[in-house]
């Protein structure tokens, strides 16, 4: 019966400790701060395009536009027939006016 008394004393001690628990005072922004600390690592992983800043995007866009305008003006300067004749001559595809036996 002595062991039952020891067990009962331990149970009473646990219930007494529960009665002494008080409310914890927490900062009103504790949840926000904790969530920010937990999820900061996920945001840091997105450094793949961080070097492509808006200034660099604008400079790239300007270069592409200038290159397109330059290419468009070069296409307008030369005619289609000139380009075709030059291509045919460089690859030996031009037709000759000479008559051959096999014609």
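The values are calculated or read from the model by the stated rules, or taken from the named source; none is laboratory data. Values in this document were obtained by computation on a predicted structure and should not be read as measured data. Here the Cβ positions follow ideal geometry from the backbone for every residue, glycine too, while neighbour counts run over all protein chains shown.
For the reader, a short list of remarks on this structure follows.
- Options 84, 61; residue that is surrounded by 10 or more Cβ atoms within 10 Å (Cβ to Cβ) and at pLDDT 85 or above: 61
- Residue 92 meets each of the listed conditions (1) modelled with pLDDT of 85 or more; (2) at positive phi apart from (1).
- Candidates 47, 42: the one that is in a loop (DSSP other than H, G, I, E, B), at pLDDT below 85 and on the phi < 0 side of the Ramachandran plot is 47.
- The lone exception for residue 28 - which of (1) exposed (fewer than 10 other Cβ atoms within 10 Å of the Cβ); (2) under 36 Å from the mean Cα position of the chain (by Cα); (3) modelled with pLDDT of 85 or more; (4) part of a helix (DSSP H, G or I) it fails: (4)
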